[in-house]
Every structure is written in structure tokens, then in C-alpha cells.
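*Asks:* Could you have a look at this structure, given as C-alpha cells, before my questions?
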Amino acid sequence: QVQLVASGGGLVQPGGSLRLSCAASGSIASIYRMGWYRQAPGKQRELVANIISTGSTNYADSVKGRFTISRDSAKNTVYLQMNSLKPEDTGVYYCNRRQFGTDYWGQGTQVTVSS
């Protein structure tokens, strides 16, 4: 089993920044994909960004150039730096880790972008 603990959400004005963190613990595999999804009210959960064990990253088109995903392998932690936030970035952000074909999810963290 893998446990994911996310943190860093909050309320921010348009144009502001937030950084999300997700720490993994438990049965950690060296080959994995880890990242963030978000779900806005009334919408389906969508991929925001992920990073795989090789270091390769993937971003949703809507966040390219504004969000950056990174990791600290020693801490089994992934970060999502979110800059130039827009109201449409509002939603519950969920950390995800996929290893050995199994998806693990952290608790959601609310991000609200509003003036």
C-alpha cells in the first residue's frame, strides 16, 4: 500500500501563486508516475501534470507555461508550483501515484482562485 498526503491548497487572487506538495509513503516503487489531477464543480476530474520516474513531465495544455511539476526523490515528494493562477484553475486538486499498474490517491486539497 501507498499513502499520499497532500498539502498547500488555499485561496488566492487571480495572478497569484500557490505550491502544492504530495508526500508518498509505504511500499514505494522505483518506477512510478506521480502527479496531480483536479476536479471543478460539475466537471470531470482531469489531469493537470505528472512526472515519471525517469524525470519526464507531462502537462495539460491549459497549464503549460504557468505550472511546474517537480520532485524530491529522497523525500518521495512531488510539488506543483502554480503561477499566474486563473479563476478557471479553481477546483479540488488530487495527488495521484501509479506503480505496478495500481493507482493511489491522496485526499483532495481545495484551490480557489478568486478576487
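*Asks:* Of the listed peptides 101-110, 87-96, what is their order by residue-averaged count of other C-beta atoms within 10 Å, with the highest listed first?
*Replies:* 87-96, 101-110
*Asks:* Ratio of alpha-carbon Rg to the 2.2 N^0.38 Å globular estimate for segment 24-108, to two decimals, please.
*Replies:* Cα-based Rg divided by the globular estimate yields 1.08.
*Asks:* Suppose every K and R has +1 on its Cβ and every D and E has -1 on its Cβ; what is the size of the dipole of the chain about the Cα centre, in Debye to the nearest 20?
*Replies:* 100
*Asks:* Okay, next question. Using alpha-carbon pairs under 8 Å, 6+ residues apart, how would you state the relative contact order of the chain in percent?
*Replies:* About 37 percent, as a whole number.
*Asks:* Of the listed peptides 25-36, 55-66, what is their order by residue-averaged count of other C-beta atoms within 10 Å, with the highest listed first?
*Replies:* By packing density, highest mean first, the sequence is 25-36, 55-66.
*Asks:* Taking every pair of distinct Cα atoms and averaging 1/r, then inverting, what Kirkwood hydrodynamic radius in Å comes out for segment 70-115?
*Replies:* 12.5
*Asks:* Tell me, what is the 1.4 Å probe accessible area of residue 21, in Å² to the nearest 10?
*Replies:* Accessible area, nearest 10 Å²: 30 Å².
*Asks:* Follow-up question, since we're still on this one. What's the carbon and sulfur percent of the chain's accessible surface, probe 1.4 angstrom, rounded to a whole number?
*Replies:* 47
*Asks:* Enumerate the lysines that residue 43 could reach by cross-link, defined here as Cα to Cα under 26 Å, with residues fewer than 8 away along the same chain left out.
*Replies:* Cross-link targets: 64, 86.
*Asks:* Given 0.36 nm per residue, what is the gain on full extension from residue 75 to residue 25 after removing their alpha carbon distance, in nm?
*Replies:* Full extension of this stretch gives 17.1 nm more.
The values are calculated or read from the model by the stated rules, or taken from the named source; none is laboratory data. Because the structure is a prediction, the values reported are computed rather than measured. Quick reminder, even Gly has a Cβ in these numbers, built from the backbone with ideal geometry, and neighbours come from all protein chains shown. These accessible areas exclude ligands, DNA and RNA; they are computed on the full protein's heavy atoms, side chains included. Shrake-Rupley method; radii C 1.70, N 1.55, O 1.52, S 1.80 Å.
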